[in-house]
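These notes concern the structure reproduced below.
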Amino acid sequence: MSTTTEPEARIQLALEGMTCASCASRIERKLNKLEGVEASVNYATEQAAVIYNPALAEVEDLIRAVEAAGYRASRTARALAEEDRARALRLRLTVAAVLTAPLALLGMVPPLQFSGWEWLAFALATPVVLWAGFTFHRAAVLNARHGAATMDTLISIGTLAAWAWSAVVLVGDVEAHTYFEVAGVITTLILLGRFLEARARRRSSAAIRALLELGAKEARVLRDGEEVLIPVEELRAGDLFVVRPGEKIATDGNVEEGLSAVDQSMLTGEPVPVEMGPGDSVAGATINTSGRLIVRATKVGAETALAQIARMVEEAQAGKAPIQRLVDRVSAVFVPIVIGISLATLAGWLLLTGDGAAAFTAAVAVLIIACPCALGLATPTALMVGTGRGAQLGILIKGPEVLERTRRITTIVLDKTGTVTEGRMAVADVIPAAGVERRELLRLAGGAEDASEHPIARAIADRARQELGALPTVESFQNQAGLGVEAVVDGRATLVGRPAFLADWGIELPAELVEAQAEAEAEGRTVVAVGWDGAARSLIAVADRLKPTSAEAIAGLKELGLTPVLLTGDNERTAQAVAAEVGIERVLANVLPDEKIAEVRRLQESGEVVAMVGDGVNDAPALAQSDLGLAIGT
C-alpha cells in the first residue's frame, strides 16, 4: 500500500457494483496501488475513504482505478440510484422465492414427484438461476476479466454448475440425480441475505441524510435593504441574511447586528441558549431563540459545521475494524482454494473410479457446499431475531456487529446533556432574601417569566404554576436579550434575570444572596436574580436535572468493570458538579463535536475499547467513531 506525503487531500467516493466483501477488498487493493494514495473501502456503506497527494494523483485517477477494477465510482452518493437498485433486488428476490418454493417441494418431497417432474423443475429453476441470479454471474465475469475471484465467483460457478449438470442429466438421459432445487434454493437464499444487507445500508445512508435535513431550508437575504427569501442552496459566503426569533440560522456566519440567545444544544449539548452579539460566530441549523440577528455568511454548503458533522459520521462508518480487515484477507484466498479443491475432486474421482457422472457430481457438491448461503442468511436472520427482541425492550440495534462488540468494551464515554441529565432546565432551588415569602416571590417571578420563551424562563414559570396554580396577569413586559426581563406584575415593577441585570438598575444583592450565588454556581447551577420595588428579593437556581437512575447506572457500570468517562460540551464547573453527583471520576468538558471524536480516538489508541453514549446530533461523529455507539432518546 502506498503512503501519502504532504500535502494531502481527502475524499469520499460513492461506489456502485459491489456485491460482497471481496469486491470491496479488490477495489481497495486497486486504489492503494496508485502512488500517493491510501484508501479504505467499506462494503456496508458502499464508500471509499481516500487520502491522496494531489501532486501525485487526481480524483479522476481514483475513479478510473475503480472502473478498471470493474466497478463504478462518483464523488457523491446517488440516493435515487440506490433506491432503484433496491427495487430491482426486491423484484429478483420475490420472483426467485415464488418459483423456488414449489421447486424445493418437488425436489425434496418424493410423494409429490410425478413422471416427468424434472422438466417442471427445469422450467422453475432456469429463471431463478439465470435471471434472478444474474448479478452474481455478471460480477463473476467482471472479476474474471481482471484475474480475480470473489464470493460471487463461487456462487455463480456453483449454481451454474448444478443447473447445467442437471440439464445434461435431464436432456442426455444420464443415470444421475438432478440438482435443480439446490441451484434455485441457494440463489434465493443468497438473494435474501443480500436484500437484508442492502436494507441495512439504506438505513445507514438515510441516517446521514437526515443529519443534513436538520438545517434551514430558506434564508432571508438582505438585498438593497430588503429581505428576500431564497433557498439556502443559493446562499453565498459574504451574503448578509436576517434570522428572526424562533428561526434556524441558515448557515455558519458572524453576527453583524442584533443581540439574541442562540440554542446551540445540537452542536454543544449545552441546554442553555448562548448570548450572541456583533462579532460572535454562529453555526447553521442552531436556533435563534429571542432577538433579531443580521448575520454575514462565512461558510456554506459542505463547509458548514452541520455538513462537517455528517462527513465525520460517514468517515467514521467507512473505517474498518481489525476483524474486518482479517475477513477481507481470508475471503481473498478462500474462493481460489475452493475452486482448486473442486477441480482436484473432479480429477481424483476420474482417476480412481473413471465414472464421469460421479466425478462431476462430487465436484459440483464441493462448490455448492462452499457457497456462503449459511453465513449469508444466518447473519441477517440472527440480526432480525436480536433486533426484534431488542425492540420489545426499547432497544434499537443497527447491525449484528454491534452485538459482537459489546463483550469487548472496557471504557464507556457518557455525554452529559440528555444522557446523564434530563436535557431540560428545571428549578433546583429557590433562595428568598430575609423577610421575603416564597409564594410572593414565585408569583411575581413566575408571572414575569411566563411571557418569555427562554428555557430558563419556562422552568421558572412552570415551577411557579406547579406550586401556585394560576399566575397573575402581566400588565407590561419587555425582554432584554441576554440579560433578563422587566415586567409590571400586579402593579409591581419586577426584574428577573442575571445579577448583572439588576446591577444595571442600581440594585445590588445583599451579602446573604451573594454568598448563596457563589455556592449555587460552584455546584454548576445557573443563578437568576429577582427584584421588585427597587430591591433584590431572591435568587432562583436553575439546572439541567439529573435523571433519577443515573447514579445507580454508573454504579452498575463500575461493577461490570467498565470505566465511565463524562464527555461534554458544557463548562468545566457544571460538568464536575454533575460527575461528582453520579460518581464519575474522569471528566472532559468544553469539548466540541470534532474534539469529541478526537477524544474517543485517543482512548482507542491507548488500548481502550470504547462505548459512547449520547443523544444528540453533536454526539453523532463520536458515536460513529467509537467501537460501540449507543444513541438514546429522551
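Are any of the pairs LYS30/LYS416; LYS30/LYS217; LYS248/LYS596; LYS248/LYS558; LYS299/LYS558; LYS33/LYS299 more than 32 Å apart by Cα-Cα distance, and if so, which? Exceeds cut-off: LYS30/LYS416; LYS30/LYS217; LYS248/LYS558; LYS299/LYS558; LYS33/LYS299. A dipole drawn for the range 218-312 from +1 and -1 charges on Cβ atoms has a positive end, and of LEU259, PRO278, VAL300 the residue lying farthest that way is VAL300.
When the Cα positions of PRO231, GLY246, ALA219 are compared along the charge dipole of the range 215-255, GLY246 comes out farthest toward the positive end, with charges on each C-beta of Lys, Arg, Asp and Glu.
Principal axis extents of the Cα atoms in the range 218-312, from largest to smallest and rounded to whole angstrom, are 37, 29, 21. Relative to the Cα centre, the charge distribution of the range 9-77, modelled as +1 at Lys and Arg Cβ and -1 at Asp and Glu Cβ, gives a dipole magnitude of about 120 debye.
Peptides 461-470, 95-104 ordered by packing proxy, namely the average of other Cβ atoms within 10 Å per residue, highest first: 95-104, 461-470.
Classify the range 45-143 from the C-alpha gyration tensor, please: rounded if a/c falls under 1.5, else prolate or oblate depending on whether a/b exceeds b/c. Because a/c hits 1.5 or more and a/b exceeds b/c, the range 45-143 counts as prolate.
Give the Debye-formula value of log10 I(q)/I(0) at each listed q (0.19 Å⁻¹), with one equal scatterer per alpha carbon of the range 9-77, two decimals each. After summing over all Cα pairs, the log10 values are -0.60.
Residues whose amide H falls under 5 Å from that of THR421, counting only those 5 or more places apart or on a different chain, are LYS547, with hydrogens built in the peptide plane.
Using a ≥ b ≥ c from the Cα gyration tensor of the range 409-453 (square roots of the eigenvalues), is it rounded, prolate or oblate, where a/c under 1.5 gives rounded and otherwise the larger of a/b and b/c decides, a/b for prolate? It is oblate, given that a/c is not under 1.5 and a/b is not larger than b/c. Volume of the convex hull of the range 424-545 (Cα atoms only), normalised per residue: 92 Å³. Maximal additional length on extending the ALA434-THR94 stretch stands at 114.6 nm, based on 0.36 nm per residue less the C-alpha distance. Near VAL274, the amide H atoms lying under 5 Å from its own belong to VAL262, ASP263, GLN264; only residues 5 or more places off or on other chains count, and H is placed 1.01 Å from N.
Remark: the TRP505-THR353 segment gains 44.0 nm on full extension, using 0.36 nm per residue and subtracting the alpha carbon distance. For ASP280, the amide hydrogen comes within under 5 Å of the amide hydrogens of VAL255, counting only partners 5 or more places away or on other chains and with H modelled in the peptide plane. Using θ = phi - 60° in the Karplus curve 6.51 cos²θ - 1.76 cosθ + 1.60, the 3J(HN,Hα) couplings for the range 351-358 round to 5, 7, 10, x, 8, x, 5, 5 Hz; x is entered for Gly and Pro.
Dipole magnitude for the range 475-620: computed about the Cα centre from +1 point charges on Lys and Arg Cβ and -1 point charges on Asp and Glu Cβ, it is near 200 debye.
Coordinate-derived values only; no laboratory data. Keep in mind the model is a prediction, meaning the values are calculated, not measured. Quick reminder, even Gly has a Cβ in these numbers, built from the backbone with ideal geometry, and neighbours come from all protein chains shown.
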